[in-house]
Every structure is written in structure tokens, then in C-alpha cells.
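Worksheet: one structure, shown below.
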Amino acid sequence: MNRITCLLSFTCLAVFATPAFGTSVKPKPKVDKLLNQIAQCEAITLAKCPELKKAVDRGPKQVAYLADKLASGETASLRMASAHVLQFFPQEEGLSALASQLSRERDRKVLSAIKQSLSV
């Protein structure tokens, strides 16, 4: 019985410690700086925006942070930049963040960026 109780408590702790349940993701200043630079790019493509390539090169470890920025970024440009970076990481977490934000987003530009990211 103790094993089952212990297992359930660890499972609940793992579930409620995820960013989806209100705990914040640690701030990543380098990623924030890259997102701000991506927002400044005229054309958001790997060839024309070197900051986008740098953000993608940081790897999939940043998907949870980017999903958090997409959902609760301070500005529309940060949310758009997060959506553009997430398109290069087709992990389930990134796709589900894009899909769930698609139904909640009210800003047309961010909505367009999310649609573009999902179409890739």
C-alpha cells in the first residue's frame, strides 16, 4: 500500500510541476534576447534572419520555455517570434502549444504566425 501511495504522490508532483499547471518556467535571458532580435527581422526565414538560426541551434531543450512565451509573452512580437521558432521543433509539446494558442489568440498578426508555423 505504501508503494502505491508513494507512486501516486510522485506522479501528482510531476504532473503539477509542469508549466501547464501554473508553475513558471525559469527565465532564459539569452532566448529572450534572441526572440527580441527575431522580432526585429524583416523576413522570418532561416536564410534572412540569423537570430532565428541561432535560436533553432539552441535545440529542443527550449521548447517548454518558448511555449510559455507564446502563451504569455509580454508583447505580440515576442509571441510571434516564439511561434516562428517553435515551428522548427515538431515535438508534441511544441505542436500542442501552437494548437492550443491558435484557439485562444486574438491578435491577428500572432494568429497568422501560429497558422504559418503549424502549416510547416
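The values are calculated or read from the model by the stated rules, or taken from the named source; none is laboratory data. As the structure is a prediction and not an experimental result, all values here were calculated from the model. Neighbour counts run over all protein chains shown; Cβ positions are idealised from the backbone, glycine included. The protein model used for the area step is the full one, side chains on, heavy atoms only, and it has no ligands, DNA or RNA in it. Shrake-Rupley method; radii C 1.70, N 1.55, O 1.52, S 1.80 Å.
Data table
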{"item": "Distance (nanometres) between label positions extended 7 Å along Cα→Cβ at E74 and K53", "result": "2.9 nm"}
{"item": "Solvent exposure, largest accessible area first (probe 1.4 Å, DNA, RNA and ligands not counted), of D68, D57", "result": "D57, D68"}
{"item": "DSSP-loop GluC sites (Glu not before Pro) across region 43-114, with at most 11 other Cβ within 10 angstrom", "result": "E74"}
